[in-house]
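Beneath this line is the structure, given in C-alpha cells, with notes to follow.
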Amino acid sequence: MKRRNFIGYAGAGLSTAIFSTLVSHVEANAQSSGVSVQWLGHTCFLFTGGGKRILVNPFRTVGCTAKYRPPRVTADLVLISSQLLDEGAVDGLPGNPKLVFTPGAYEFQGMKLQGIATDHDRKGGKQFGVNTVWKWMQGGVNILHLGGAAAPISIEQKILMGRPDVLLIPVGGSDKAYTAEEAKQAIAVLNPKLVIPTHYRTQAADPQTCNITPVDDFLTLMQGTPVRRSSSDTISIKSGDLSDSTAIQVLTYKF
C-alpha cells in the first residue's frame with residue numbers, strides 16, 4: 001500500500017511533502033532554545049521546543065506498561081514506530097494531532113523529519129514487521145528515537161541516522177527490542193552525545209506477562225560511561241551544553 005494511504009490513520013490528517021533525496025542531517029538553528037524531553041513511560045516521550053510538541057509512541061496500559069498512566073497529552077504531531085500496543089496506541093489522544101507512522105521523509109510546519117525502516121525482531125521482520133526509527137531536529141537538538149529496534153544497524157541505516165545529539169534506545173530485550181548488549185553495540189555504531197534508555201522493566205510491569213529487564217542491567221554493562229540520574233521525568237537539553245563524548249541520562253517516572 002502506498003504511503004499516502006497510511007497518512008491520516010486514526011482520523012488524524014497530516015500535510016506532508018515527500019522529498020526525493022533522503023537527508024541524514026538537518027541544520028541547527030544558531031539561536032535555538034533547546035528542547036524539553038518528558039518520559040511518559042516505556043518508549044513514549046513528549047518533546048517540547050521550537051514552538052512544537054511532538055509525542056512519540058503512545059501506548060496502551062497492558063503488560064510491561066500496565067501501571068503507567070495512559071499518555072494522553074496534547075501534541076501537535078504524533079510519531080509511532082509500529083502499530084503494536086506498546087508503541088502505537090493512538091486512541092483517546094486529545095485534540096486533533098497530526099500522525100505519521102510509516103518510513104519516509106516528511107515536513108511538518110517547516111520541520112524536516114525522517115522515518116527510517118529497521119527490523120522489529122531478529123528474524124528479518126518476519127515476527128513483528130517493520131520498526132520505524134524517527135529522526136528530526138527540534139530546538140537545535142538532533143534527536144534519534146530508535147523505537148523498537150531489534151536488528152543491528154546496517155551501513156545504509158547508519159548513514160541515514162547520522163550522529164545524534166540525543167539517542168533514545170531500547171535496552172530491556174524481549175523478542176522485539178534490543179537487549180542491553182545489543183543496545184551497547186548500537187551505541188558504539190552511532191556514537192551519540194547523550195543516551196536516554198527506554199523499553200526497560202519498571203514497577204509499572206505486570207509481573208506475569210512482562211519479560212523485559214531493568215535498566216540497571218544495561219547500566220552495569222555500560223560501566224565507564226558517565227551516568228546521570230534525574231529525580232524528574234523531564235530534562236531540558238541544549239545542543240551546546242552536551243559533551244562530545246557519550247553520557248547516559250536516566251529519567252524517573254512519577255507514579
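Return the distance in nm (one decimal) between the two label points of a simple spin-label model at D244 and T220, each offset 7 Å from Cα along Cα→Cβ.
Taking the two extended label points, one gets 3.4 nm.
In what sequence do I237, I159 fall when counting other Cβ within 10 Å, fewest first?
Working: I237 23, I159 11.
Going from least to most buried by this count: I159, I237.
Taking the number of other C-beta atoms within 10 Å as the exposure measure, put R228, R69, R60 in order starting with the fewest.
R228, R69, R60
Peptides 136-147, 239-250: what's the order by average Cβ count within 10 Å, highest mean first?
Taking the mean over residues of other Cβ atoms within 10 Å, the ranking is 136-147, 239-250.
For T118, T225, T213, T74, what's the fewest-to-most ordering of other Cβ within 10 Å of each Cβ?
T74, T225, T213, T118
Quote the charge dipole size of the stretch 90-146 about the Cα centre in Debye, to the nearest 20; the model charges only the Cβ of Lys and Arg (+1) and of Asp and Glu (-1).
Computed about the Cα centre, the dipole is about 140 debye.
Which value at 222 nm does the chain reach when only helices count, each DSSP H run of 4 or more adding -39,500 (n - 2.57), with the total divided by all residues and rounded to the nearest 500 deg cm²/dmol?
The per-residue figure over the chain is -2500 deg cm²/dmol.
Please give the net charge around P97, taking every other residue with its beta carbon less than 14 angstrom from that of P97, where Lys and Arg add +1 and Asp and Glu add -1. Write out the running numbers ahead of the final one.
Working: positive: K52, R53, R72, K98; negative: D76, D91.
Combined, the nearby Lys, Arg, Asp and Glu give +2.
Could you derive backbone 3J(HN,Hα) for the stretch 95-108 from the dihedral phi with the Karplus parameters 6.51, -1.76 and 1.60 (θ = phi - 60°), listing whole Hz in sequence and x where the residue is Gly or Pro?
Result, rounded to whole Hz: x, 9, x, 6, 9, 9, 8, 10, x, x, 9, 9, 10, 9.
Under 13 Å from the Cβ of L190, count the other residues' Cβ atoms, weight Lys and Arg +1, Asp and Glu -1, and hand me the total.
My count for the surroundings of L190 gives +3.
Per the chain: cysteines with no other Cys C-beta under 4.7 angstrom?
Unpaired cysteines in the chain: C44.
Starting from the Kirkwood Rh over alpha-carbon pairs, what translational D in µm² s⁻¹ does the chain have by Stokes-Einstein at 25 °C and 0.890 mPa s?
136
Report, by chain and number, residues whose modeled amide H sits under 5 Å from the one on L168, excluding near sequence neighbours (fewer than 5 apart, same chain).
Here the answer is L144, H145, L146, I196, since their amide H atoms fall under 5 Å of that of L168.
FYI, it's all coordinate maths here, none of it is from the lab. Note that the structure is predicted; figures quoted are calculated from it, not measured. Cβ atoms come from the backbone with ideal geometry, glycine included; neighbour counts cover every protein chain shown.
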